[in-house]
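Peer 1: There's a structure below that I have some questions on.
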Amino acid sequence: MDANIPNFQLNLELSIEQKFKMRIFQESVKTMNSEDARTLLLGASQLLMVKDNIIRGLMKQNIIE
């Protein structure tokens, strides 16, 4: 592994706080109508794409610098 890349462990588990938020979210979507669910899904998808772009940009910056 390259000496410039820090060694880290990838944690794919949710924290206790995240599990709690997920449980609350699960309960709230049970009463959501289809239009609200679609809007929420599209918004979440867009945020994930933006997050990917930010990570990709940070990785490029780190590689360039």
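Peer 1: Would you confirm whether any residue within region 57-65 is of a type outside the set (Val, Ile, Thr), modelled with pLDDT of 95 or more, surrounded by 10 or more Cβ atoms within 10 Å (Cβ to Cβ) and part of a helix (DSSP H, G or I)?
Peer 2: Checked region 57-65: no residue is of a type outside the set (Val, Ile, Thr), modelled with pLDDT of 95 or more, surrounded by 10 or more Cβ atoms within 10 Å (Cβ to Cβ) and part of a helix (DSSP H, G or I).
Peer 1: Which ones in region 16-50 are surrounded by 10 or more Cβ atoms within 10 Å (Cβ to Cβ) and acidic (Asp, Glu)?
Peer 2: Asp36
The values are calculated or read from the model by the stated rules, or taken from the named source; none is laboratory data. Because the structure is predicted, anything quoted here is derived from the model rather than measured. A quick note on method: Cβ atoms are made from the backbone with ideal geometry, for glycine too, and the neighbour counts reach across all protein chains shown.
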